[in-house]
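Undergrad: I am attaching a structure below and will ask some questions about it afterwards.
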Amino acid sequence: MYSKLLAGGLIAAAALVLAGASVARPQSTAVTTVVRVKAKDFVFVLSRKTVPHGRVEFVITNPSPAAHDLAIAGHKSKLVQPGKSRTLTVTLARGHYPYRCTVDSHAKLGMKGVLVVT
């Protein structure tokens with residue numbers, strides 16, 4: 001009698017373990033869009049000016065002789081020294097987002113634009 005109860009208990013426990021193993025776990029569906037940015041000669045050159053909403057990673061390279069940064073949607077990259085690169089990752093909703101270089105008067109000299117987020 002005891003062995004039948006023990007066997008029944010083991011079967012029930014195994015069923016619970018298997019049921020727990022088959023439960024679907026939510027997977028991250030977050031996609032990061034990469035935008036390559038060249039900060040040169042007082043102009044930004046973006047690999048794309050329209051991106052889907054969500055995480056956007058700006059990979060900023062600076063081939064110019066002056067240091068630059070990138071500011072967008074209340075976020076700002078660290079200073080990118082000549083010949084160096086930096087990354088800035090932000091999450092953006094749909095809309096139009098002005099971006100600019102905040103170093104000295106670089107934005108007035110043309111280091112600015114608008115990113116469209118769909």
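Undergrad: If I filter the stretch 79-118 down to residues being of a type in the set (Lys, Arg) and surrounded by 12 or more Cβ atoms within 10 Å (Cβ to Cβ), which single residue comes out as nearest to THR32 (Cα to Cα)?
TA: ARG86
Undergrad: Within the stretch 15-33, is there a residue that is surrounded by 13 or more Cβ atoms within 10 Å (Cβ to Cβ), at pLDDT 95 or above, closer than 30 Å to LYS112 by Cβ and not aromatic (Phe, Trp, Tyr)?
TA: yes
Undergrad: Those residues that are in a loop (DSSP other than H, G, I, E, B) and touching a residue at least 24 places away in the same chain (Cβ under 8 Å), I need them from the stretch 78-118; list them, please.
TA: Scanning the stretch 78-118 gives LEU79, ALA93, ARG94, CYS101, THR102, VAL103, HIS106, LEU109, GLY110, MET111, THR118.
The values are calculated or read from the model by the stated rules, or taken from the named source; none is laboratory data. Since the structure is predicted, the reported quantities are computational estimates derived from the model, not experimental observations. Neighbour counts are summed over all protein chains in view; Cβ atoms, including those assigned to glycine, are modelled from backbone coordinates with ideal geometry.
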